[in-house]
Amino acid sequence: VLIPFSVQPLLGLNGHISSFTEGYNQTRFGSVVFQVSMSKKKWASLPPDIQNAFRKASDKEFLRKTGRMWREDEQRGVDLMTKFKREHIVLTKEETEAFRIKLAPVIDKWVEDVKKEGIDGRKLVNKARKLIKKYEE
């Protein structure tokens with residue numbers, strides 16, 4: 001099961017699994033993404049004060065704070081699983097890379113699936129990886 005550690009306590013997985021794994025340098029194999037989106041046309045229709053309120057509510061400090069909260073929530077999941085004496089496996093850099101290689105066909109399939117919708121999935125994957133690398137610290 002590839003899910004965030006923060007979900008484990010909520011699902012009571014401590015009663016069903018004996019170990020949990022993360023990659024090198026806290027690499028995650030499952031993530032949850034929260035997003036609020038609107039079309040450019042809708043955005044342009046909003047008054048400037050509302051646009052500014054959105055910008056202010058999602059500035060860099062807000063994003064850093066959110067990142068810290070997610071990391072703390074993940075740690076809560078790790079701590080609970082450790083408390084229940086579940087083995088915490090941390091992969092080496094080489095093992096994490098091998099895992100990434102094994103998962104590559106899943107990404108390739110998604111890229112092919114969205115291509116049918118006229119979406120450049122490879123471009124999106126590359127951009128996401130670039131942004132993750134930029135902001136991972």
Q) Where does the chain land at 222 nm, in deg cm²/dmol rounded to the nearest 500, when only DSSP H runs of n ≥ 4 count, each adding -39500 (n - 2.57), divided by all residues? A) -19000 deg cm²/dmol
Q.
As an exercise, take the mean of 1/r over every pair of distinct alpha carbons in the stretch 1-126, invert it, and state the Kirkwood radius in angstroms.
A. 17.8
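Please compute the length gained on full extension between residue 92 and residue 55, using 0.36 nm multiplied by the number of residues separating them and subtracting their Cα-Cα distance.
Gain in length upon complete extension: 9.4 nm.
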Q: Mind ranking 6, 18, 58 by accessible surface for me, highest first, 1.4 Å probe?
A: 18, 58, 6
Q | Accessible area of residue 29 in the full protein assembly, 1.4 Å probe (Å², nearest 10) | A | 50
**Q.** Label-point separation, residue 70 to residue 131 (7 Å along Cα→Cβ), nm
**A.** 1.0
Q.
Quick check: pseudo-label points 7 Å beyond the Cα along Cα→Cβ at residue 123 and residue 82, how many nm apart are they?
A. 4.4
**Q.** Heavy-atom accessible area order for 70, 43, largest first, 1.4 Å probe
**A.** 70, 43
Q.
List the lysines whose Cα sits under 27 Å from the Cα of residue 93, skipping any in the same chain fewer than 8 residues away.
A. 83, 85, 102, 109, 123, 127, 130, 133, 134
Q | Whole-angstrom gap from the stretch 85-114 to the stretch 36-70, using each part's C-alpha centre | A | 32
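With a cut-off of 8 Å between alpha carbons and a minimum separation of six or more residues, what is the relative contact order of the stretch 1-130 in percent?
Dividing the mean separation by the residue count of the stretch 1-130 yields 39 percent.
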Q. Sequence-distant or interchain residues sharing an amide H contact under 5 Å with residue 29, placed H: which?
A. 23
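The values are calculated or read from the model by the stated rules, or taken from the named source; none is laboratory data. Because the structure is predicted, anything quoted here is derived from the model rather than measured. Please note: Cβ atoms are built from the backbone with ideal geometry, for glycine as well, and neighbour counts cover all protein chains shown. Calculation scope for accessible area: heavy atoms of the full protein, side chains included, ligands and nucleic acids excluded. Shrake-Rupley method; radii C 1.70, N 1.55, O 1.52, S 1.80 Å.
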